[in-house]
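S.K.: Before I ask anything, here is the structure I am working with.
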Amino acid sequence: MRRIFVFLCMALASFPALAQYAPANADWNRPMPPFRIADNLYYVGVKGVAAYLIVTPQGDMLLDIGFRETVPLVEASIRKLGFHVGDVHILLLSHAHFDHAGGLAAMKSATHARLLASPGDAPLLERGGRDDFAFGDRARFPPVKPDGLLQNGVPVRLDGVEMTPHFTPGHTKGCTTWTTTVRDRGQERHVVFACSLSTPGYQVVNNPKYPGMLQDYKTSIATMRGLPCDIFLAAHPEQFGMNRKLAELKKHPDGPNPFVDPAGYKAYLDESETELNEKAAAQGRKQGIQKPATTAH
Ligand SMILES: [Zn+2]
């Protein structure tokens, strides 16, 4: 499964001219029945890209929207759960790539919700993905102007519900990991929505378009390690084993919530860090740079 994901990322990196979504991504945009993850937190995304609805009596927050073509599917999922698309008051984002931000402009005009973005990703949103440090103009999406900028660690609040942004740059310059808390089966649970840590076709070492990339990834992984996590979620379902966990939830609806998975979160960070270090080492060798000293084992 992970291999497919890497393949799709590589496909994205290598397409000469990418419209809003390419054939390789069509599989990601297949409909997925919405479901409750815990408490007021719902999955309203599609098979391959996530979207999360956080419901409050005063209105709802939506984290990620998928491709431009995903918008009607997310809207249908919100309705299917018995909620109203017009109640989405705040739009949030993991990162400004076309497969997560592509539908923001359409969703914003459909709901008049306020879009809050990280300062690192706001310019890329306004450019509609143009002049991306890795994809150039190949991964465009309808441009959208944020209504406000987030501050690192300062929560977005709606009727007592808090979503807190943690800036974890690398995958994009404004990649944002979000946290909140929910009550699940009588317990308070920390939720982490991890931003992507993959490096699809990236030159992570000495990249003139993003000189601090490698250090940013490393700092971001350290930041993410410091976040308390019970419920582990991410921008792509396969990053947190959604299908397996959902099958388990359906099988044992009254059992322990399978989305509570601190070990899975740690494994995701460990695996991402290993891949990053291996890529950096290989690229460093290729560039004739001396490999940085590592601890001997
Ligand atoms: Zn991405």
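S.K.: Taking segment 120-202, which trypsin sites (Lys or Arg not before Pro) meet the DSSP loop condition and have no more than 12 other C-beta atoms within 10 Å?
M.R.: Working: sites: Arg127, Arg130, Arg138, Arg140, Arg157, Lys173, Arg183, Arg185, Arg189; in loops: Arg127, Arg130, Arg138, Arg140, Lys173, Arg185.
In loop regions of segment 120-202 (DSSP not H, G, I, E or B), the sparsely surrounded trypsin sites (Lys or Arg not before Pro) are Arg185.
S.K.: Continuing with this model, one more query. Whole-Hz Karplus ³J(HN,Hα) for segment 249-258, in order, using 6.51 cos²θ - 1.76 cosθ + 1.60 and θ = phi - 60°, x for Gly and Pro?
M.R.: Here the 3J(HN,Hα) series is 4, 5, 5, 10, x, 9, x, x, 5, x Hz.
S.K.: So how strong a dipole does the chain carry about its Cα centre when Lys and Arg Cβ are +1 and Asp and Glu Cβ are -1, to the nearest 20 debye? All intermediate terms of the calculation are to be shown ahead of the outcome.
M.R.: Numbers: 32 positive and 29 negative charges, 112 e Å.
Result for the chain is approximately 540 debye, rounded to the nearest 20.
S.K.: Need the full-extension length gain, Gln287 to Asn152, defined as separation in residues times 0.36 nm minus the C-alpha distance. One decimal, nm.
M.R.: Taking Gln287 through Asn152 to full extension adds about 45.2 nm, to one decimal.
S.K.: Enumerate the lysines that Lys251 could reach by cross-link, defined here as Cα to Cα under 21 Å, with residues fewer than 8 away along the same chain left out.
M.R.: Lys47
S.K.: OK, next. List the residues whose amide H sits under 5 Å from the amide H of Gly102, counting only those 5 or more places along or on another chain, with H placed 1.01 Å from N in the peptide plane.
M.R.: Gly66, Arg68
S.K.: Give the Debye-formula value of log10 I(q)/I(0) at each listed q (0.12 Å⁻¹), with one equal scatterer per alpha carbon of segment 2-286, two decimals each.
M.R.: Taking Cα atoms of segment 2-286 as identical point scatterers yields -0.70.
S.K.: Still on this model: Take the residue pairs Lys173/Lys286; Lys209/Lys286; Lys108/Lys245; Lys145/Lys279; Lys218/Lys279 and return only those whose Cα atoms are more than 23 Å apart.
M.R.: Lys173/Lys286; Lys108/Lys245; Lys145/Lys279
S.K.: Considering only DSSP beta bridges where both residues belong to the chain, give the percentage that are antiparallel (nearest 5). Walk me through the intermediate numbers first.
M.R.: Values: 27 of 40 bridges.
If I count the DSSP bridges inside the chain, around 70 percent turn out antiparallel.
S.K.: Further, regarding this structure: Taking the simple approach of a point 7 Å from Cα along Cα-to-Cβ for both Asp27 and Asn206, what is their distance in nm?
M.R.: It works out to 3.6 nm between the two label points.
S.K.: If you don't mind, another one. Quickly rank 58-67, 83-92 as a protection proxy: mean count of other C-beta atoms within 10 Å, highest first.
M.R.: By packing density, highest mean first, the sequence is 58-67, 83-92.
S.K.: Quick one: accessible area per residue over the chain, 1.4 Å probe, rounded to a whole number of Å²?
M.R.: Values: 13240 Å² over 297 residues.
Ligands and nucleic acids excluded, the figure is 45 Å² per residue.
S.K.: Still on this structure, I have one more. What figure in square angstrom, to the nearest 10, would you give for the accessible area of Lys279 with a 1.4 Å probe?
M.R.: We get 50 Å² for Lys279.
The values are calculated or read from the model by the stated rules, or taken from the named source; none is laboratory data. Note that the structure is a prediction, hence the values are computed from the model and not measured. Cβ coordinates were reconstructed from backbone atoms using ideal geometry, including for glycine residues, and neighbour counts include every protein chain displayed. Each accessible area value is taken on the protein alone, full model and side chains, heavy atoms only, with ligands, DNA and RNA left out. Shrake-Rupley method; radii C 1.70, N 1.55, O 1.52, S 1.80 Å.
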